[in-house]
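Heads up: the structure comes next, in structure tokens.
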Amino acid sequence: MYVPKHFAEPSAEAIVDSVAAHEFALLVTSDVAGIEATHLPLHFEPGHGPQGRLIGHLARANPQARVLDGRNVMAVFSGPHGYVSPRWYADAPAVPTWNYVAVHFYGTARTIEDSVRLHEILLSLTRRYETDGSWSMEKLPPQYLVGMLRGIVGVEIDVTRIDAKFKLSQNRSAEDRRRVVAALRADGRAGDIALAEAMQRFAEQD
């Protein structure tokens, strides 16, 4: 990923926070047969290994599941993003652009078929989102759960490199950044508000 110096994010904490808030990833592999990609949730565990680990699962019937083990992969996480109009700038002339947050993880994938480890992965992922206690995997009929586990393959990715790009108008003046944040908030769409909040957090760190 092309990352100009002023859009690079040096803070490991900011990268971890962004990925935790946007865990739906694009898992990409390439070989002589071509390029495969799967959209799936991946959870980042920064404390495992030098660069951390990603864990998730995909359908056993997915062709990509058959070629993952031992393969170099890329997982793409997209954060808030949105159009930025030159009308919002104080400085002119200017052109439109697109602000966004993107994090690319590179590493080696390992597939998991052991039912115990698969169960652990599913518990970890569901507990992150089922927070009110009204549903849990433990309440599922055992035979039903066994059948569901047979239909998936777990994946762990030992991360070897992370590229992060936080393109949030850092190349513009403080006044231009303030005006962009205000315009995004005024638009009122959820995605634009999330982008404005990301820009605001970044400005507060300067």
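No value in this document is a laboratory result; all are computed from the given coordinates. Note that the coordinates shown come from a computational prediction; the quantities given were computed from them, not determined experimentally. Here the Cβ positions follow ideal geometry from the backbone for every residue, glycine too, while neighbour counts run over all protein chains shown.
See the values below:
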{"quantity": "Cβ-Cβ FRET estimate between residue 190 and residue 161, R0 fixed at 41 Å, reported to 0.05", "calculated": "0.85"}
{"quantity": "Estimated vicinal HN-Hα couplings, Hz - segment 45-51 in sequence order (Karplus 6.51, -1.76, 1.60; Gly, Pro = x)", "calculated": "10, x, x, 9, x, x, 10"}
{"quantity": "Relative exposure of 193, 15, 162, judged by other C-beta atoms within 10 Å (fewest first)", "calculated": "193, 162, 15"}
{"quantity": "Angle in degrees between helix 12-21 and the longest Cα principal axis of the chain, rounded to the nearest 10", "calculated": "70"}
{"quantity": "Relative contact order of segment 98-206, pairs being alpha-carbon contacts under 8 Å that are 6 or more residues apart, as %", "calculated": "39"}
{"quantity": "Tensor-based shape of the chain (alpha-carbon gyration tensor, a/c under 1.5 rounded, otherwise prolate or oblate)", "calculated": "prolate"}
{"quantity": "Phi to ³J(HN,Hα) by Karplus 6.51 cos²θ - 1.76 cosθ + 1.60 over segment 57-69, Hz, x for Gly, Pro", "calculated": "7, 9, 5, 4, 6, 5, x, 5, 4, 7, 10, 6, 4"}
{"quantity": "Label point 7 Å beyond Cα of residue 113 along Cβ direction - residues of segment 138-173 with amide nitrogen under 17 Å", "calculated": "147-156"}
{"quantity": "Longest DSSP-loop-exposure-free segment, chymotrypsin sites (Phe, Trp or Tyr not before Pro), the chain, at most 15 other Cβ within 10 Å", "calculated": "3-134"}
